[in-house]
Amino acid sequence: MRSAALLLLLAAPLAQAKAPAESFCTPQEDVIFACRTGAKLVSICASKDASPTKGSVQYRFGKPDPKAPLELKLPETPTLPPKAATGTNVPFAGGGGTWMRFRKREYAYVAYSGIGKWGPKGETATKAGIVVERGGKAIANLSCKGSDAEGEMGPVWFEKAGIQAGPNEDFDFPD
């Protein structure tokens, strides 16, 4: 009995340690956004030298299985950040949010993350996920498991990479 208690005591710190972020990014890339949406994983990966004039950024989506091919990569080839995506930061009561949009023909894939007074009775709560748009209208919302997303998506990285929203471009955070 004593050895079982000792084993549990020794294992406790390991159980409390946070697991490393899961993403499709390579060690040579920065994780800009990453989260699980059920059985799928979404990642936005950027080269470490990403800027308005060099490097690249890419949206990746699929099963987190190294044997399975990615279901979607946008853009398909390395592309300068300002040509690959648009995005911005928005203020909210009790917080703020950030979003980044990648387009493919009539579809767009928008990664979002924010904190605001969205909780019960106006409590501060977080939300994050991917909204799929077709012709500018939301057709799906894949929330991050536990409303958590990890990465550098935000004002500092947007400025470094030259990411901005286009004229008259907006995004409505889902309820």
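Overview of values
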quantity	calculated
Leading residue by the ranking (farthest from the chain's Cα centre (by Cα)) among those in the range 57-71 that are within 13 Å of Thr26 (Cα to Cα) and either β-branched (Val, Ile, Thr) or not in a strand (DSSP E or B) (or both)	Pro66
Residue within the range 136-156 that is within 20 Å of Ser56 (Cα to Cα) and aliphatic (A, V, I, L, M) present	yes
Gly114 being touching a strand residue (DSSP E or B) at 6+ places or on another chain (Cβ under 9 Å) and surrounded by fewer than 15 Cβ atoms within 10 Å (Cβ to Cβ)	no
Among (1) outside any strand (DSSP E or B); (2) on the phi < 0 side of the Ramachandran plot - the single one Ile44 does not satisfy	(1)
Residue satisfying condition, being out of contact with any strand residue (DSSP E or B) (no Cβ under 9 Å at 6 or more places or on another chain), under 26 Å from Ala165 (Cβ atoms), modelled with pLDDT of 95 or more and surrounded by 15 or more Cβ atoms within 10 Å (Cβ to Cβ), within set Pro81, Pro75, Pro52	Pro52
In the range 21-42, residue farthest from Thr77 (Cα to Cα) [restricted to those that are free of Cβ contacts under 8 Å to residues at least 60 places away in the same chain and in contact with a strand residue (DSSP E or B) (Cβ under 8 Å, 6 or more places away or on another chain)]	Glu22
Count of residues meeting criterion [free of Cβ contacts under 8 Å to residues at least 12 places away in the same chain and within 15 Å of the chain's Cα centre (by Cα)] in the range 94-108	0
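The values are calculated or read from the model by the stated rules, or taken from the named source; none is laboratory data. Note that the coordinates shown come from a computational prediction; the quantities given were computed from them, not determined experimentally. Reconstructed Cβ throughout: ideal geometry from the backbone, glycine too, with neighbour counts over all protein chains shown.
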